[in-house]
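Just so you know, all these numbers are worked out from the coordinates, no wet-lab data involved. Just so it is clear, the model here is predicted, and its values are computed rather than measured. Using ideal geometry, Cβ is built from the backbone for each residue, glycine included, and neighbour counts are taken over all protein chains shown.
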Amino acid sequence: MRVLVAGAHGQVGQHVTSIVADSSHDSRGMVRSEDQVEDIEALGAEPVVADLTADIGHAVEDCDAIVFAAGSGGDDVWGVDRDGAIRLIEAAERQGVDRFVMLSSLGADTPSMAPEALRDYLNAKAEADERLRESDLTYTIVRPGELTTEEGTGRVRTAADLERKDGDIPREDVACMLVTAIPMESTYDRTFEVLSGDEPIETALEDPL
Ligand SMILES: NC(=O)c1ccc[n+]([C@@H]2O[C@H](COP(=O)([O-])OP(=O)(O)OC[C@H]3O[C@@H](n4cnc5c(N)ncnc54)[C@H](OP(=O)(O)O)[C@@H]3O)[C@@H](O)[C@H]2O)c1
C-alpha cells in the first residue's frame with residue numbers, strides 16, 4: 001500500500017512519514033518546498049512537492065491511502081485547514097483513493113464553545129471533517145487534544161466524546177494512531193477524540209468509540 005502523507009515535514013507529519021516508511025507500506029511525503037525534499041528522503045519516503053492551496057492531483061496519483069497531517073498553524077485556516085483538506089478529499093475521490101485518515105482536533109465538534117482565538121480554526125476543521133464524512137471515502141477522523149513534543153508512551157484513551165476539552169497527547173502517539181488506524185476496520189467511518197491514557201494504541205483502536 002502506498003500512503004500519501006500531507007504535511008509530511010510537520011511535527012506530526014515527520015513521525016507519520018517515518019512510521020509508514022518503517023512499515024510494510026510505501027511512504028510518500030507531500031511537502032510544499034523543494035528545500036524539504038532531502039529531509040523526506042532521509043525519513044525513507046518518496047517526496048512529492050505540492051501545495052494544498054494549488055494543484056495536488058500529481059501527489060495523489062497511484063496512492064492507496066492518505067493521511068492528512070497538514071495545518072496552517074493559524075495563518076490561513078480557511079485556505080489550508082478547510083479548503084486544502086477538501087481539495088485533497090476531492091482529489092482522492094477523483095482518483096479512486098478510498099482510504100483517508102484525517103488529523104482533526106478536540107473541540108471541532110463544538111467550535112462555538114472554544115475560546116474566541118480558536119473558533120475560526122475549529123470551524124475550518126469542522127467543515128473539512130464534514131466534507132469527508134459526506135464523501136464516499138472510507139474515513140477515520142482523529143481528534144486529539146493539545147499536542148506535545150514529549151516522547152510517545154504508546155498509551156491513549158479514545159471515545160466519541162471524552163467529555164472534556166483540555167488534556168494533551170504526544171505528537172508521536174498521535175502519529176502512531178493515524179498510521180495504525182489505516183488498515184483497521186474498527187476505525188472505518190468513525191470520528192473519535194483521543195488523549196494520553198492507559199490503553200495500548202492498537203487496543204484502543206479496536207473500539208475507538
Ligand atoms: N497544536 C495542537 O495542540 C493541535 C491539537 C490538535 C490538532 N492539531 C492539528 O495538528 C496539525 C499538525 O500539527 P503539527 O504540530 O504537526 O503542525 P506543523 O508542525 O505546523 O505541521 C504542519 C505542516 O503542514 C504543512 N502545510 C501548511 N500549509 C500547507 C500547504 N498549503 N500545502 C502543503 N502543506 C502545508 C506545513 O508545511 P511547512 O513545513 O512548509 O510549513 C507543515 O509541514 C495542526 O496543523 C492542527 O491542525 C494541533
Is it possible to state the helix-based mean residue ellipticity at 222 nm for the chain, with each DSSP H run of 4+ residues giving -39500 (n - 2.57), the sum divided by total residues, to the nearest 500 deg cm²/dmol? What is it?
-10000 deg cm²/dmol
Extreme residue, positive dipole direction of the chain, given options THR138, PRO170, ALA45 (C-beta unit charges)
THR138
What ranking do PHE68, PHE100 get, fewest neighbouring Cβ atoms within 10 angstrom at the top?
PHE100, PHE68
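Mean separation of Cα pairs under 8 Å and 6+ residues apart, divided by the residue count of the range 54-176: what relative contact order is that in percent?
Values: 164 pairs, mean separation 29.4, N = 123.
It rounds to 24 percent for the range 54-176.
State, as an integer percentage, the relative contact order of the range 2-206 based on alpha-carbon contacts under 8 Å between residues 6 or more apart. List each step's numbers first, then the result.
Values: 435 pairs, mean separation 38.7, N = 205.
Once normalised by length, the contact order is 19 percent.
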If each part is reduced to its alpha-carbon centroid, the range 72-145 and the range 4-20 end up apart, in Å, by 17
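Where Lys and Arg each count +1 and Asp and Glu each count -1, what net charge lies around VAL174 among other residues with Cβ under 15 Å from its Cβ?
-4
Grab the beta carbon distance between GLU116 and THR53, set R0 = 22 Å, and tell me the FRET efficiency rounded to 0.05. Before the final figure, lay out each step's value.
On the way: r = 25 Å, r/R0 = 1.15.
It comes to 0.30.
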The relative contact order of the range 18-61, taking Cα pairs under 8 Å that sit 6 or more residues apart, comes to a percentage of 36
Run the simple label-point estimate for THR149 and ASP207 please: 7 Å along Cα→C-beta, distance reported in nm.
3.8
Given 15 as the ceiling on other Cβ atoms within 10 Å, longest exposed-site-free region of the chain for GluC sites (Glu not before Pro) in DSSP loops
62-149
GNM of the chain, Cα pairs under 10 angstrom: of LEU147, LEU118, LEU178, the biggest fluctuation goes to LEU118
